[in-house]
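Worksheet: the structure to be examined is printed underneath.
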Amino acid sequence: MSNGTNGPGASGGGGIDGILNGLNTLFSRLSELAEKGEQLQREGAFDQGGKEARFHYGVSIRTAADGRDVKVEPFGNVVRRGGTAGPGEKVVEAAVTEVREPMTDVMEEEDHVLVVAEMPGIAAEDVTVEIDGDVLVLEAAAADKRYRKELVLPRPLDAASPAIVANNGVVEIRLED
């Protein structure tokens, strides 16, 4: 696993540009990480409108056993927004949100689908799950921790009451057929 904290540019001086430069560094290493099946993450702080904004962003890269299917999954609390400044000009903005996107994994088993999410500070009773066909919306909130993620399931499910277990920051959601 590669892990790092942005240097001086992450606190105050770099601002949004510092985050975007950090994201460029993250994405430049994707091909290297895809071969190893690792994750890369950055965290730090900067001034956002007179208030310190803490950010955490990363990507998890997994490769199937046959080496053909590479899955890149972002996580964290940095969102990228695009827009236009004028004809032919694109603007990319980054913002830090209070809601984190947890790192997740979806495993299709013989008689159920198992969703595993990393959500430190969350108990099973803090988790809500909504399923609409093959889309699962996972939300959790406790104290100052808030998480949200939309996942595409391997097949449509009608799981009325999923079994949810939380232990040491890992939440497991078992969806029966």
Discussion item. If the requirement is being part of a strand (DSSP E or B), among the hydrophobic types (A, V, I, L, M, F, W, C) and modelled with pLDDT under 95, which of these qualifies: 138, 175?
Written reply: 175
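Let's see how each residue does on (1) surrounded by 16 or more Cβ atoms within 10 Å (Cβ to Cβ); (2) touching a residue at least 24 places away in the same chain (Cβ under 8 Å):
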residue: 106; (1), (2): yes, yes
residue: 117; (1), (2): yes, yes
residue: 124; (1), (2): no, yes
residue: 129; (1), (2): yes, yes
residue: 148; (1), (2): no, yes
residue: 156; (1), (2): no, no
residue: 159; (1), (2): yes, yes
residue: 177; (1), (2): no, yes
Worksheet item: Pick from the stretch 142-172 the residues that are assigned to a loop (DSSP other than H, G, I, E, B) and touching a strand residue (DSSP E or B) at 6+ places or on another chain (Cβ under 8 Å): which of them is farthest from residue 111 (Cα to Cα)?
Response: 169
Discussion item. Of everything in the stretch 132-177, what is basic (Lys, Arg) and within 11 Å of residue 122 (Cβ to Cβ)? Give them in sequence order.
Written reply: 145, 146
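The values are calculated or read from the model by the stated rules, or taken from the named source; none is laboratory data. Only a predicted model underlies this, so the values are computations on that prediction, with no experimental measurement involved. Every residue, glycine as well, gets a Cβ built from its backbone with ideal geometry; the counts of neighbours run over all protein chains shown.
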